[in-house]
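Student: The structure follows.
The values are calculated or read from the model by the stated rules, or taken from the named source; none is laboratory data. Values in this document were obtained by computation on a predicted structure and should not be read as measured data. Heads up, the Cβs are rebuilt from the backbone with ideal geometry, glycines too, and the neighbour counts pull from every protein chain shown.
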Amino acid sequence: MYDKEQARKVHEEKERWEETTVQKALSRFPERYEKFTTISGKPVERLYTPDNVVDLDYFRDLGFPGEFPFTRGPYPTMYRGRLWTMRMFAGFGTAEETNERFKYLLAEGETGLSIAFDLPTLYGYDTDAPEAEGEFGKCGVAVSSLRDMEILLDGIPLDEITTSMTINSPAAVIWAMYIVTAEKRGIPRRVLGGTIQNDILKEYIAQKEYIFPPEPSMRLVVDTIEFAANEMPRWHPISISGYHIREAGSTAVQELAFTLADGFTYVEAALERGLDVDAFAPRLSFFFNVHNDFFEEIAKFRAARRIWARAMRDKYGAKNPRSWTLRFHAQTAGCTLTAQQPENNIVRVAIQALAAVLGGAQSLHTNSMDEALALPSEKAVRIALRTQQIIAHETEVTNTIDPLGGSFYVEALTNRMEEEANEYFRRIESLGGVIPAIEKGFFQQEIADAAFRYQLEVDAKRRIIVGVNEYVEEEPLEIPLLEMDPEGYDRQVRRLQELRRTRDNREVTRTLHEVREAARNGKNLMYPILDAVAAYATLGEIMGILREEFGEWEEPVWF
Amino acid sequence: MASSRKVRVLVAKPGLDGHDRGAKVVARALRDAGFEVIYTGIRQTPEAIAEAALQEDVDVVGLSILSGAHMALVPKIMRLLKEKGLNDVLVLVGGIIPDEDVPKLKALGVKGVFGPGTLTTDIIAFIRRELNLDTEEAPKAA
């Protein structure tokens, strides 16, 4: 991008500057640290100049928005055409309580739904299962059957809004509940838009909400990808997620590399099923964390688009440009929220959200200030949403595309991200691929090492966390926390018991048998699961059959 | 307990919560500080945790819970530990614990509750103090 001769001259001049002007300043005012690093521990130079990006080729490496390799953005007009979707992750207690929260958020101007399920639901247990003790409604909403889903979505225009559901092991069942709810209202499945997270690989790697061993889990994922390709052209059957990898303590480049490696693994699995790459690749979507290191995060998003585009076109032979484009949802980093002086989190979230926007996110969730303490209160979640609205409407950063493109620092970081991710791809390959690497504990160990390194830096005050290891105040907490309906659990269990009594149990038995048959004979599981859900078989019943057929995964323990 | 052996710590994750970053970081910090650490892995039942505490003959049990299920799980674990005669084990809880629940947990016999942002050095110092360990030496049970 830069003239080689000029870059050489800049390099020489930079050396001169370091030896004279900088040295003179350093002798009087030493720098604050001997070495400066990104939050991921990567070295950062004092100054970036054209010689740091001398090999960058504008057409090869950056190009134009909406064109290969999409470094500058997946769409030709980006936020000048349409703002990102403001999608707040929400769910707690009963379906009734969460339905009320959804309506509140929509009234306040959010533009997409995002459903958080409670832990029993995420593990495929009904609310009254013994394994679910104490966990009802704590981390999200409890959905044990189609009945709960109908209540949850009551009054929500499913033909107009898109819905993202954070659900993984039981994704096929929960998705079926959503589809049947819409169809019972006369909305055909082909018009439904939304996303199921359905990314099982990162569960083994980081979030740990797996149920089955990797092989049947991957089969279920490919079943849903195939179903979407055939029946639901507006749905994203998977959201390949780095968010949880980062929250578990990875560095930025680990998040990037492990997520894309997972993505390639899904592509390969779908190709093995015999699907055409351009039939499913345009509906793959991504989900990244947006952490504190502003420029490193922006570089991560830009590198992600470039790596994906190159692999999809050159390695997997996709022809449709939509198969080459990486589109992503971002969420501000929950692990950066502090329980101490929680109002400070508003500022952290605002800066992180700005990085997501400058990195070209398609959809964004902003965390609420109280989330290191509890599920968000209405006021906290409103401020979080307002933060996005302020960025969208007041800062004017949306006026031009990829405004940091061409920054020597951001381009150098973007290049380094891509190189280091490629290095990880080679290591994963040498371990036999993503699933063997999971079985060997490779990712888990890499992440645990990075998390521990970071904690040591915080313990030693090498990294300052305002209000935690510096600027500490002893003050009582002054923000109101969410109170849940204390009767919620009993109401949910009563509803579930009544459902089991009053539904057509013969039909339930018949459809569950079909689920078992498909699990055994390899037919796409989505169809029998849809029938079972429509007969009001519960989540626990359907997942129970699959648990029996597929077995359960236990991970080797490391720390 | 024998006076010559290392202090033994069980780090455990009860319930369905899979967020194991904190548990692993604390386990490793304690190990680096000279403790003998046993980590249970995730999704452990209260029964399995109490049994592991007994079998491993531990001096300290650290429970990590971020899901909000602590008021259902911790009382059960405390009861099971007592039933097994483990009355002297130092029990600590870490995770997302609202202020109002801290006194309730302490009334059950939990000695320390550590929320988000706790430095590992503070947890180590707390254990040493509670077990009357000589801070100059590697931790030995008194």
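Student: Is it the case that the stretch A:348-358 has a residue that's within 14 Å of chain B (Cβ to nearest Cβ), assigned to a helix (DSSP H, G or I) and crowded, with 17+ Cβ neighbours inside 10 Å?
Tutor: Yes.
Student: Looking at (1) within 30 Å of B:Arg43 (Cβ to Cβ); (2) surrounded by fewer than 22 Cβ atoms within 10 Å (Cβ to Cβ); (3) of a type in the set (Asp, Glu), which is the only condition A:Glu135 fails?
Tutor: Condition not satisfied by A:Glu135: (2).
Student: What are the residues in the stretch A:507-559 that are of a type in the set (A, V, I, L, M), within 14 Å of chain B (Cβ to nearest Cβ) and over 16 Å from A:Leu146 (Cβ atoms), if any?
Tutor: A:Val557
Student: Residue by residue through the stretch B:3-37, note down the ones that are among the charged types (D, E, K, R), more than 10 Å from chain A (Cβ to nearest Cβ) and under 12 Å from the mean Cα position of the chain (by Cα). Even if it seems obvious, please write down each step before you answer.
Tutor: To start, the set of residues in the stretch B:3-37 that are among the charged types (D, E, K, R) comprises B:5-6, B:8, B:13, B:17, B:20-21, B:24, B:28, B:31-32, B:36.
Pick out the ones that are also more than 10 Å from chain A (Cβ to nearest Cβ) and you get B:5-6, B:8, B:36.
Selection gives B:Arg8 alone.
Student: Here is a follow-up. State whether the residues of the stretch A:403-413 include one that is of a type in the set (Val, Ile, Thr), in a helix (DSSP H, G or I), touching a Ser or Thr at 6+ places or on another chain (Cβ under 7 Å) and touching a residue at least 60 places away in the same chain (Cβ under 8 Å). Before you say what the answer is, go through the steps one by one.
Tutor: We begin by selecting, within the stretch A:403-413, every residue of a type in the set (Val, Ile, Thr); these are A:410.
Imposing the further condition that a residue be in a helix (DSSP H, G or I) reduces the set to A:410.
If we keep only those that are touching a Ser or Thr at 6+ places or on another chain (Cβ under 7 Å) as well, we get none.
There is no residue in the stretch A:403-413 that is of a type in the set (Val, Ile, Thr), in a helix (DSSP H, G or I), touching a Ser or Thr at 6+ places or on another chain (Cβ under 7 Å) and touching a residue at least 60 places away in the same chain (Cβ under 8 Å).
Student: Does A:Val381 qualify as being away from every other protein chain (no Cβ under 14 Å), buried (at least 24 other Cβ atoms within 10 Å of the Cβ) and without any contact (Cβ under 8 Å) to a residue 40 or more places away in the chain?
Tutor: Working: away from every other protein chain (no Cβ under 14 Å): yes; buried (at least 24 other Cβ atoms within 10 Å of the Cβ): yes; without any contact (Cβ under 8 Å) to a residue 40 or more places away in the chain: no.
No: the conditions fail for A:Val381.
Student: Hey, can you tell me all the residues within the stretch A:450-465 that are more than 9 Å from chain B (Cβ to nearest Cβ) and not hydrophobic (A, V, I, L, M, F, W, C)?
Tutor: Hits for the stretch A:450-465 are A:Arg453, A:Glu457, A:Lys461, A:Arg462, A:Arg463.
Student: Further question: Give the stretch B:89-106 a look and list any residue that's free of Cβ contacts under 8 Å to residues at least 24 places away in the same chain, more than 14 Å from chain A (Cβ to nearest Cβ) and of a type outside the set (Lys, Arg), or say none. Working first, answer last.
Tutor: Filtering the stretch B:89-106 for residues free of Cβ contacts under 8 Å to residues at least 24 places away in the same chain gives B:98-100, B:102-103, B:106.
From what is left, the residues that are more than 14 Å from chain A (Cβ to nearest Cβ) are B:103, B:106.
Passing the criteria: only B:Pro103.
Student: OK, next. Filter the stretch B:65-88 down to residues that are facing chain A (nearest Cβ under 9 Å), under 19 Å from B:Ile123 (Cβ atoms) and in contact with a Leu (Cβ under 8 Å, 6 or more places away or on another chain), then give me how many there are.
Tutor: Within the stretch B:65-88, the subset facing chain A (nearest Cβ under 9 Å) is B:66-73, B:76.
Right, trim to under 19 Å from B:Ile123 (Cβ atoms) and you get B:66, B:70.
Still in the running and in contact with a Leu (Cβ under 8 Å, 6 or more places away or on another chain): B:70.
Residues in the stretch B:65-88 being facing chain A (nearest Cβ under 9 Å), under 19 Å from B:Ile123 (Cβ atoms) and in contact with a Leu (Cβ under 8 Å, 6 or more places away or on another chain): 1 in total.
Student: Evaluate the following for A:Glu514: is it assigned to a helix (DSSP H, G or I), more than 30 Å from A:Gln341 (Cα to Cα), touching a helix residue (DSSP H, G or I) at 6+ places or on another chain (Cβ under 8 Å) and not basic (Lys, Arg)? Walk me through how you get there before you give the answer.
Tutor: Working: assigned to a helix (DSSP H, G or I): yes; more than 30 Å from A:Gln341 (Cα to Cα): yes; touching a helix residue (DSSP H, G or I) at 6+ places or on another chain (Cβ under 8 Å): yes; not basic (Lys, Arg): yes.
It is true that A:Glu514 is assigned to a helix (DSSP H, G or I), more than 30 Å from A:Gln341 (Cα to Cα), touching a helix residue (DSSP H, G or I) at 6+ places or on another chain (Cβ under 8 Å) and not basic (Lys, Arg).
Student: If you take just the helices (runs of 4 or more DSSP H) that sit entirely in the stretch A:142-256, which of them hold at least 1 residues that are within 14 Å of another protein chain (Cβ to nearest Cβ) and at pLDDT 95 or above? Give the steps one after another, and end with the answer.
Tutor: Details: elements: A:146-152, A:171-184, A:214-231, A:243-247.
Hits in the stretch A:142-256: A:243-247.
Student: Going by what's in this entry, would A:Leu481 be described as within 14 Å of another protein chain (Cβ to nearest Cβ) and in contact with a Pro (Cβ under 9 Å, 6 or more places away or on another chain)? Before you say what the answer is, go through the steps one by one.
Tutor: Details: within 14 Å of another protein chain (Cβ to nearest Cβ): yes; in contact with a Pro (Cβ under 9 Å, 6 or more places away or on another chain): yes.
The answer is yes for A:Leu481.
Student: Do the conditions hold for A:Gln455, that is, is it over 30 Å from A:Pro216 (Cβ atoms), in a helix (DSSP H, G or I) and within 27 Å of the chain's Cα centre (by Cα)?
Tutor: Working: over 30 Å from A:Pro216 (Cβ atoms): yes; in a helix (DSSP H, G or I): yes; within 27 Å of the chain's Cα centre (by Cα): yes.
So A:Gln455 passes the test.
Student: One residue is enough: does the stretch A:308-327 have a residue meeting the conditions β-branched (Val, Ile, Thr) and either within 16 Å of A:Leu260 (Cα to Cα) or within 14 Å of chain B (Cβ to nearest Cβ) (or both)? Don't jump to the end; show me each part of the working.
Tutor: Applying the first criterion (β-branched (Val, Ile, Thr)) to the stretch A:308-327 yields A:325.
Then drop every residue that is not either within 16 Å of A:Leu260 (Cα to Cα) or within 14 Å of chain B (Cβ to nearest Cβ) (or both), which leaves A:325.
Among the residues of the stretch A:308-327, at least one is β-branched (Val, Ile, Thr) and either within 16 Å of A:Leu260 (Cα to Cα) or within 14 Å of chain B (Cβ to nearest Cβ) (or both), which makes the answer yes.
Student: Can you tell which of A:Arg101, A:Arg82, A:Arg72 is more than 17 Å from B:Gly15 (Cβ to Cβ), in a helix (DSSP H, G or I) and either basic (Lys, Arg) or within 12 Å of another protein chain (Cβ to nearest Cβ) (or both)? Full working, then the answer.
Tutor: On the way: A:Arg82 fails: in a helix (DSSP H, G or I); A:Arg72 fails: in a helix (DSSP H, G or I).
Unique residue meeting the criteria: A:Arg101.
Student: Then there is this: With the requirement that a residue be of a type in the set (Gly, Ala, Ser), more than 7 Å from every other protein chain (Cβ to nearest Cβ) and either surrounded by 16 or more Cβ atoms within 10 Å (Cβ to Cβ) or within 13 Å of B:Val89 (Cβ to Cβ) (or both), what does the stretch B:107-123 give you?
Tutor: At the first step, the residues of the stretch B:107-123 found to be of a type in the set (Gly, Ala, Ser) are B:107, B:109, B:112, B:115, B:117.
Going one step further and asking which of them are more than 7 Å from every other protein chain (Cβ to nearest Cβ), we end up with B:107, B:109, B:112.
Correct list: B:Gly109, B:Gly112.
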